[in-house]
1. The conditions are (1) more than 16 Å from ligand 1 (Cβ to nearest atom); (2) under 22 Å from the mean Cα position of the chain (by Cα); (3) away from chain A (no Cβ under 14 Å); (4) more than 11 Å from B:Phe34 (Cα to Cα), and B:Leu123 fails exactly one of them. Which is it?
2. Condition first: of a type in the set (Phe, Trp, Tyr) and in contact (Cβ under 8 Å) with a residue 24 or more places away in the chain. Now tell me which residues in region A:19-59 satisfy that.
3. So which of B:Arg146, B:Arg141, B:Arg173, B:Arg169 is away from chain A (no Cβ under 14 Å), over 30 Å from B:Val209 (Cα atoms) and assigned to a helix (DSSP H, G or I)?
4. Could you say which residue among A:Phe336, A:Phe321 is in contact with a Pro (Cβ under 9 Å, 6 or more places away or on another chain) and either on the phi > 0 side of the Ramachandran plot or at pLDDT 80 or above (or both)?
5. Any chance region B:99-109 includes a residue that's away from ligand 2 (no atom under 16 Å from the Cβ), over 30 Å from B:Asn63 (Cβ atoms), assigned by TED's automatic domain parsing to the domain that holds B:Gly41 and touching a residue at least 12 places away in the same chain (Cβ under 8 Å)?
6. Which residue is farthest from the other protein chains (Cβ to nearest Cβ), if the candidates are limited to region B:80-96 and must be in contact with a Ser or Thr (Cβ under 9 Å, 6 or more places away or on another chain) and of a type in the set (A, V, I, L, M)?
7. Filter region B:70-82 for residues that are in a helix (DSSP H, G or I) and of a type in the set (D, E, K, R) and give the result.
Amino acid sequence: MLTAEKRKTILLLIPIIFVLVGYVLYPTIETFIESFKQNGIVSIQNYVDFFGPKAQANLEALWNSVYISLLSVLLSACIGIPLAFIFTRYNFPGRSFFSGIAIMPIVLPSLVGVMAFMWLYGEVGLVPLAIQDLFNLEEVPFSIGGVTGILLVHAYTMYPYFYMTVSSALNNVDPSLEESAANLGSGRFGVFWKVTFPLLTPALVAASLLVFMVSMASFSAPFLLAGGYRVLSLQIYFSKINGDLEMAATQSVILSAVSISFLLFMRWFQNRRDYRMGSKGIGAHRSEVNNPILKWIMVTIGIVAMVVLLLPHAVLAILSFVPEGAWTWQKYPSTFNLENYRLLFEDPNIWDPVRNSLIMAFVACLGCFVFGIITSYALVKRKFFGKNLLDILVMLPWALPATVVGMNLILAFNSKSIFSFGQVLVGTFWILPLAYFIRFIPLVVRSTNAVLEQMDDSIEEAAQNLGARWLYTFRRVVLPIIMPGVLSGTLLAFVQAVGEFPTSVLLYTLDNRPISIEIMNQLRMFNLGQAAAYGMIQVGLIAIVMIISYKFFGVKSENTL
Amino acid sequence: MTAVTLSNITKQFGDVTAVKELDITIKEGEFFTFLGPSGCGKTTTLRMIAGFYYPSTGKVKFNDRDMTTVSPEKRNTGMVFQNYALFPHMTVFENVAFGLKVRKVNKGEVKRRVEDVLEKVHLKPFIDRQVSQLSGGQQQRVALARALVIEPDILLLDEPLSNLDARLRDEMRNEILRLQREYGITTIYVTHDQVEALTMSDRIAVFNVGNCQQIGTPTEIYNQPVNDFVAEFIGETNLFEVKRSEGSLNLFCDALNLQVVADSSIQEEFDENKRFKMSVRPEAIAISKTRLEGDNVLVGVVDLVQFTGESVHSFIKVNNGRTTLKVTDLNRGPSTYLKEGFELYVQLPPDQVRIVPVAKE
Ligand SMILES: Nc1ncnc2c1ncn2[C@@H]1O[C@H](COP(=O)(O)OP(=O)(O)O)[C@@H](O)[C@H]1O
Ligand SMILES: [Mg+2]
């Protein structure tokens, strides 16, 4: 059987390796090589330029990116961690409702979220205007833009990472640990510092890592809000637009290097202090807030926070009813109707981007679904040489900023190669589905890994023992068991692919322009209502997916990160 | 009916030798148990019979057929896993029917046979339940039914009762035995629990670190252990090193400071590299408040009395308090309990003293 088993493993690995090498490794290497070319000649001149005085903007952009990312981590932590503590440790009226609201930012796709923020707090944002009118001020009291704008958007969209990871970690802390520390004479502060905090470190590290990487890769927020402020992910885009692919490649390599070093550093840090929980979580017991004043203060804060959190969703919903031309010179929009939604279904020009996005996301996710299952199965259930290497390759698209993935594809597939079956892919329909596919491989593989690791090996053996061949076992036993995890991962990938902006903006063509590109077009034409309507479609899709995942697959929203 | 022959089997995982030069023949219809401490290679051996592992060297035969490298799905064995390994997404019926569907049995026949076997394990009323809605004991029965329904040539059970509580364990023990007798299937049962092994088995193979130490019926294993490991692992015993001097058959036990008389003495040639131990079961030791006559009599002081319900364990210090003997007696009421600190006489009856070689390390 050894040989038969080995043969099966090899058969599984062939397509996996083909895809990973062809569409992940090869493009990355192409970018790497390109970064060492100037006018087609091998040289390190690009790097000299990057760090040298010739193009100061690059170095500045690098520092800005790191600076913004670190501040985003700090800000998100400052919001997310206290919230997690309050919701897991205290009970007060409306607790579970508020805790549900607290994760609402994740239903806004990044581009849509940034757009809503712009309308709310930007230079002619509704909130500053309203405050000005309300208090009869001379000028608008504030407006966000540049660094503060980016940071605010990052804090808003990324604090849920801290909130969710810390909440679930807190729920897993065995209360008896804290109680025994208290019992041994530790004060409240001592208990937190010596017991709770160390137990939370893995969660904090994971969340910091996530926020840092997402911020480094962040594209939509700088794209819309940066003004003259430079960040590296945006510089890549500008270099590409200016036709300087070699510089774009260099910038991509450097941006990836920073992201991946941070990832490695965090991994190392995490391994250094690994606190494994000896006992299973029993669920935190919450203290009831009894002091009536405190109780109502908390509820009030909860309501205010809820309004702030939901304002972007609300403005999106409201503006989506503003027809074209009804909000140009007026301070506030005055006409509301269903025109934008009607056009969506009647004007092919308006509908096409939606259709394109849906089709391309579907194709990509079908790929992710099949590839994810096979890859995850091989990684979790099969033994073979070089598994770690394969694991790293699978996770690479996760560690690479989206802009870099886009650049990789441009550089790899703007000429013919065996992996594109002798075609030039750039400029065709297929390049975008391919980009989405690569972007979301890690997500689907991870969610599948999670369910496969849960499944005991003896289940497969039992089927085999009862006479079932491998394929039969896989179809009738393994697949049905892992399907919920795979589907919830794939659905999440699907909605993210529908809203995907950074790779789209690098790779789209006129015929396959997706929603996000059309939103930009509409914004450029000051047709905010239509842009908002596109945003609402995405929000609706995400909401549906989350409900399906939760209701049918029993997947909690925090597992979908 | 199928006999299983394992000849000269060795299984290595990298540098670890999990099973070493194993020779076992299991007869048709026999209830055969692999008994041994955890990590001694029982599961590995069972999995080689099921086909999940192939031996590094040696042969596995079912009757006369060489099965050494036949893949598991072609062996027609029925295995019950320690964690049951039920298919979580299927009902009880679907779980049990799985093996029949694989065998392309027609629908009516599947239904009849599944209902039949569920009747036998008293699970008929639960036929349409999701398996996650069953208790541990019920899941265990489903696992059994699923293995039995395919009418396997050999039934393989890997510590099937270790996840159940004590009361349920007793019940399932009888249940498994009843079904095994009813179906008359050759059964191989893996356990580290000596009580299970002694009560259920026709024959037992005692394992220690990859080696089979002894094969025999429960009474042989218990009463005539071949070495100190078997004596100590199966049941309770008092085990002390004994020495004999060259040229004589006399045995002397330092721990007891006693010239030992035993009916089963050492027959072998003298060899100073070989070590021996004497083993006396706690229930075989005679005690008396009055002076005892005969061989192997010692004077002792009662150190500790433990009451367990059905029996009373007394720990008696002998040889001036240097050695403790464990003595077990049935509970015959409070008046018979020994008092701690009492002095009394202890006899190790020569027909109950067994001299065994020390197992090789
Ligand atoms: N798949 C495996 N890979 C490596 N070592 C194994 C494997 N299975 C078992 N072993 C080793 O073989 C020895 C015997 O294991 P096992 O047969 O499971 O013992 P038992 O079932 O008697 O507790 C142990 O030392 C164990 O670590
Ligand atoms: Mg075992």
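1. (2)
2. Once the filter is applied, which keeps residues that are of a type in the set (Phe, Trp, Tyr) and in contact (Cβ under 8 Å) with a residue 24 or more places away in the chain, region A:19-59 yields A:Tyr23, A:Tyr26, A:Phe32, A:Tyr47, A:Phe50.
3. Exactly one of B:Arg146, B:Arg141, B:Arg173, B:Arg169 is away from chain A (no Cβ under 14 Å), over 30 Å from B:Val209 (Cα atoms) and assigned to a helix (DSSP H, G or I), namely B:Arg141.
4. None of the others qualify; the one that does is A:Phe321.
5. no
6. Filtering first and then ranking leaves B:Leu86.
7. Hits for region B:70-82 are B:Glu73, B:Lys74.
Table: residues versus (1) modelled with pLDDT under 90; (2) more than 16 Å from ligand 1 (Cβ to nearest atom); (3) among the polar types (S, T, N, Q).
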residue: B:Val142; (1), (2), (3): no, yes, no
residue: B:Ile150; (1), (2), (3): no, yes, no
residue: B:Asp153; (1), (2), (3): no, yes, no
residue: B:Asp158; (1), (2), (3): no, no, no
residue: B:Arg167; (1), (2), (3): yes, yes, no
residue: B:Ile185; (1), (2), (3): no, yes, no
residue: B:Leu198; (1), (2), (3): no, yes, no
residue: B:Ala205; (1), (2), (3): no, no, no
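The values are calculated or read from the model by the stated rules, or taken from the named source; none is laboratory data. In this text, all values refer to a predicted model and were calculated from it rather than measured experimentally. In this analysis, Cβ positions are derived from the backbone assuming ideal geometry, glycine residues included, and neighbour counts consider all displayed protein chains.
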